[in-house]
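Each reported figure results from applying straightforward, stated rules to the coordinates on display, with no laboratory input. Please read these numbers as outputs of a predicted model, since none were measured by experiment. Methodologically, a virtual Cβ is constructed for each residue, glycine included, from the backbone with ideal geometry; neighbour enumeration extends over all protein chains shown.
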Amino acid sequence: MAERAITLLIVDDHPVVRDGLRGMFAAHPEFEVLGEAADGQQAVELSALLDPDVVLMDLRMPGGGGVDAIAELTRRGLRCKVLVLTTYDTDSDTLPAIEAGATGYLLKDAPRDDLFTAVRAAAEGKTVLSPAIASRLVSRVRAPGGEPLSSREREVLGLVAKGTSNREIAVVLFISEATVKTHLTHLYAKLGVKDRAAAVAVAYERGILG
């Protein structure tokens, strides 16, 4: 990496954030910003087209979230490393992102030098976690419980807890009713339950909900 600039793709739905990040990295000779994306779907398309070393990925974006994009980049086997840069540090955000294939996870309040260091490390394939995230993950690993739920399974479970029907969940999440049932089957298996009520009860007991 020392022989050339580390190339970046910036993914965030807020233009002001993208502009700020672009300006920050463009002013540093060690980095080169190849492009910007406003959602996860565009991020996947541009990653395949531009072949960046590192993708700076926000998580919650209209038109395609970061976790799904990370999973798709991993599925396609693209060489880019994904460094999540977000304001969210809850288990429901951090775990699915890392499970999907993110190399690192930083919060947007990270100092500039820490961000530069994280990008360098990510480009080399090293795992980078903000202290708060690292502590949270260690606690999570040490806590009892089965296989963690995916981001989408957590969304489905949260809607189930509100009494939302399968058909209504499909509409809210823009997926088919059959897909909703598939997610339910998977999360039932992970939670060791057989129905919606038991799933919600176990989820509250384990701290997955609430």
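Tell me, what ³J(HN,Hα) does each residue in the stretch 110-118 have, in order and in whole Hz, if you take phi through Karplus 6.51 cos²θ - 1.76 cosθ + 1.60 with θ = phi - 60° and put x for Gly and Pro?
5, x, 4, 5, 5, 5, 4, 4, 5
Which residue fluctuates the most in the chain, going by a Gaussian network model with Cα springs under 10 Å, if the choices are Phe174, Phe25, Phe116?
Result: Phe174 has the largest fluctuation of those listed.
Can you compute the charge dipole magnitude of the chain about its Cα centre, using +1 on each Lys and Arg Cβ and -1 on each Asp and Glu Cβ, nothing else charged? Give it in debye, rounded to the nearest 20. Don't skip to the answer; put the middle values down first.
Details: 24 positive and 29 negative charges, 151 e Å.
Here the chain has a charge dipole of around 720 debye.
Can you list the HN-Hα couplings for the stretch 184-189, worked out from phi with the Karplus curve (6.51, -1.76, 1.60; θ = phi - 60°), rounded to whole Hz and with x for Gly and Pro?
5, 4, 5, 6, 4, 5
Once you keep just the Cα pairs under 8 angstrom separated by 6 or more residues, what percentage relative contact order results for the stretch 6-142? Could the numbers behind the result be given before it?
Values: 244 pairs, mean separation 27.5, N = 137.
Rounded, it is 20 percent for the stretch 6-142.
Could you pull out every residue, at least 5 positions away or on a different chain, whose amide H is within less than 5 Å of the one on Tyr105? Hs are placed 1.01 Å off N in the peptide plane, and Pro or chain starts have none.
Those qualifying (amide H under 5 Å, at least 5 residues apart or on another chain) are Val84, Val128, Leu129, Ser130.
Mind listing the phi-derived Karplus ³J(HN,Hα) values for the stretch 93-101, rounded to whole Hz, using 6.51, -1.76 and 1.60 with θ = phi - 60°, and x for any glycine or proline?
In residue order, the calculated couplings are 9, 5, 4, x, 5, 6, 5, 6, x Hz.
Give the order of Tyr204, Tyr105 when sorted by the count of other beta carbons within 10 angstrom, beginning with the fewest. Please list the in-between numbers first.
Details: Tyr204 12, Tyr105 29.
By the 10 Å Cβ count, ascending, the order reads Tyr204, Tyr105.
Normalising by the residue count of the stretch 1-65, find the relative contact order in percent from Cα pairs under 8 Å and 6+ residues apart. Intermediate values should be presented prior to the final figure.
Values: 106 pairs, mean separation 27.6, N = 65.
The normalised contact order for the stretch 1-65 reaches 42 percent.
Between Val33, Val16, Val160, find the one with the highest GNM mean-square fluctuation for the chain; connect C-alpha pairs within less than 10 Å.
Val16
Please report the spacing between the Cα centers of the stretch 37-56 and the stretch 158-174 in Å, no decimals.
30 Å
So for Val82, Val193, fewest C-beta neighbours within 10 Å to most, what's the order?
Numbers: Val82 28, Val193 16.
With the fewest neighbours first, Val82, Val193 line up as Val193, Val82.
Given H placed 1.01 Å from N in the peptide plane, which residues other than close sequence neighbours of Asp51 have an amide H under 5 Å from its amide H?
Placed amide hydrogens put nothing under 5 Å from Asp51.
In which sequence would Met57, Met24 go, from the one with the fewest C-beta neighbours within 10 Å to the one with the most?
Working: Met57 30, Met24 15.
Listed from fewest to most nearby Cβ atoms, that is Met24, Met57.
With an 8 Å Cα cut-off and a minimum separation of 6 or more residues, compute the relative contact order for the stretch 151-206 in percent.
Values: 34 pairs, mean separation 19.5, N = 56.
The normalised contact order for the stretch 151-206 reaches 35 percent.
Please work out which option in (i) 25, 21, 16; (ii) 29, 22, 14; (iii) 33, 19, 14 gives semi-axes √(5λ) of the Cα gyration tensor in Å calculated from these coordinates, and answer with its label.
Derived directly from the coordinates: (iii).
Please give the calculated 222 nm ellipticity per residue for the chain, where each DSSP H segment of at least 4 residues contributes -39500 (n - 2.57) and the sum is spread over every residue; nearest 500 deg cm²/dmol?
Value at 222 nm, helices only, nearest 500: -16500 deg cm²/dmol.
How much length, in nm to one decimal, is gained on full extension between Gln41 and Ala189, taken as 0.36 nm per residue of separation minus their Cα-Cα distance?
Roughly 50.3 nm would be gained on extension.
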